[in-house]
1. Using only protein heavy atoms and a 1.4 Å probe, report how much of Tyr64 is accessible, in Å² to the nearest 10.
2. How large a share of the accessible area of segment 12-93, in percent, is made up of carbon and sulfur atoms when the probe is 1.4 Å and the other protein chains stay in place?
3. How many Å² of accessible area per residue for segment 85-134, probe 1.4 Å?
4. Per-residue accessible area for Lys116 at 1.4 Å probe radius, Å² rounded to 10?
5. Could you give the nm distance between label points at His74 and Phe104, where each point is 7 Å from its Cα heading toward the beta carbon?
6. Going toward the positive end of the dipole of segment 43-114, with +1 on Lys and Arg Cβ and -1 on Asp and Glu Cβ, which of Asn61, Tyr43, Tyr92 do you reach last?
Amino acid sequence: MKFLLLLAVMLIPSMANAGDFRNFSEWTPEEKAEFLLFTGATYIDFSQTTWAMRQRDANGNSTYYEINPILGKHPSNESVAIMSILGVAYYYYLIGSESDHRLFSIISRSSMFSVKAVAILHNDSVGISISKAW
C-alpha cells in the first residue's frame, strides 16, 4: 500500500507538469470511446480481483491469489482501487498530452489495454468470470 501511495505521489506532479494538455471535451470521438473502453475494462478487472480476494476455502485460506507483482499475492481492496485509479489517470494523461512523443503514447496505451484484456481473460479462465463485475 505504501508503494502505491508513493507511486501516486510521483506520478501526479509529472502529469500536472504537462505543457499542452487536451481535456476530455477536446478529444476526438475515437479518443473518448477508447478511454471509456479502457475505464470499463479496468472496472471489470477491479471487480474480478476484489471478488477473488474475498473467496475462501473450508479452512479459511484464500482460494485465489493475485499475479501482479506490484500488488502482491493478497492485495487489499484499497490497493487494487488505488492501482486501478492510477492506471485510468495515466491513460487519461496519455490521451490528453500533446507531446512530441505521440508514438510513445500510442504504444503505451496499446500495451496498457492489452495487459488489461489479458488479465480479464486470465481471470475468466481460472473461474473468475466477467459476470463478477455486475
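The values are calculated or read from the model by the stated rules, or taken from the named source; none is laboratory data. All values reported here derive from a predicted model rather than from experimental measurement. So basically every Cβ, Gly included, is an ideal-geometry build from the backbone, and we count neighbours across all protein chains shown. These area figures cover heavy atoms from the full protein model, side chains too; ligands, DNA and RNA do not enter into them. Shrake-Rupley method; radii C 1.70, N 1.55, O 1.52, S 1.80 Å.
1. Ignoring ligands and nucleic acids, Tyr64 comes out at about 50 Å².
2. The value for segment 12-93 is 58 percent carbon and sulfur by accessible area.
3. For segment 85-134, the per-residue accessible area is 59 Å².
4. Number for this one is 40 Å².
5. 4.0 nm
6. It is Asn61, whose Cα lies furthest towards the positive end.
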